[in-house]
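In what follows, a structure is listed as structure tokens, so that the remarks can point back to it.
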Amino acid sequence: MPAIHPEQKTVSFKIVYCGTPLSGKTANLQQIHAKLDPHGRSDLVSLSTAQDRTLFFDFLSVESAAIPGYKTAFHLYTVPGQVTYNATLQLVLRQADGVVFVADSQLDRQRENVQAFQALEANLRLNGSSLDRLPLVLQYNKRDLPNAAPVEYLEFLLNNRPEPWVSFEADARGGRNILATLNAISQAVLMKFQAQLPENKAALAAA
């Protein structure tokens, strides 16, 4: 859920990049971090444990105001590599306001994509949340590779639902549609916040 800070006059949202190992989650955060104004973002931080590591940074958005008079901050997180027991992923997903699922487009990685998506759903359930309550954007990464699966196949595997999620074809290392993906999930998170504005104003008044 969003964090409202009356002292700093900021509203903070947490967005988590998920997906199978080596799908391009780290490349997404690195590209976004490099493209943002250095004066409006923090350093890209890596916290490592024996099994895995977490990457994160935050930035202030100059284009959106969730509450009049307040600045909007976004915190971006990912858990790159193989998560041994899912414990770190579950922890990072806690209180997330939106999720980007980064799928590896290579044909031989589709089983891993489905397994990673199922792990995402399971960890959200353990946190008392679900994708029915959380904005999500799909990113089909590595579209530049010769063995990339057809987008229609990826949509069938991951986006076969009555109301499809927004999806993007991307090349994270080249930067294609990286900011478009971020903009889409940011707007979805803000739209949900605005829809719940009476509830959020009550929280602000009580803060």
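The values are calculated or read from the model by the stated rules, or taken from the named source; none is laboratory data. As the structure is a prediction and not an experimental result, all values here were calculated from the model. Ideal geometry is used to build each Cβ from the backbone, glycine not excepted, and the neighbour counts take in all protein chains shown. All accessible areas refer to the heavy atoms of the entire protein, side chains included, with ligands and DNA or RNA removed. Shrake-Rupley method; radii C 1.70, N 1.55, O 1.52, S 1.80 Å.
Here are a few things to note about the model shown:
- Pairing residues of the range 179-195 that are touching a residue at least 60 places away in the same chain (Cβ under 8 Å) and more than 17 Å from TYR140 (Cβ to Cβ) with residues that are assigned to a helix (DSSP H, G or I) and open to solvent by less than 20 Å² (accessible area, probe 1.4 Å), at Cβ distances under 7 Å and at least 6 apart in sequence or on separate chains, gives PHE193/ASN200.
- Any chance GLN110 is assigned to a helix (DSSP H, G or I) and open to solvent by less than 40 Å² (accessible area, probe 1.4 Å): yes
- Verdict on ARG161 being exposed (fewer than 15 other Cβ atoms within 10 Å of the Cβ) and out of contact with any helix residue (DSSP H, G or I) (no Cβ under 7 Å at 6 or more places or on another chain): yes
- Qualifying position, being surrounded by fewer than 18 Cβ atoms within 10 Å (Cβ to Cβ) and in a helix (DSSP H, G or I), among ALA122, ALA65, ALA116: ALA122
- Residue within the range 87-105 that is at pLDDT 90 or above, open to solvent by 60 Å² or more (accessible area, probe 1.4 Å), within 13 Å of the chain's Cα centre (by Cα) and among the polar types (S, T, N, Q) present: yes
- Any hit, the range 27-40, residues being in a loop (DSSP other than H, G, I, E, B) and under 26 Å from ILE67 (Cβ atoms): yes
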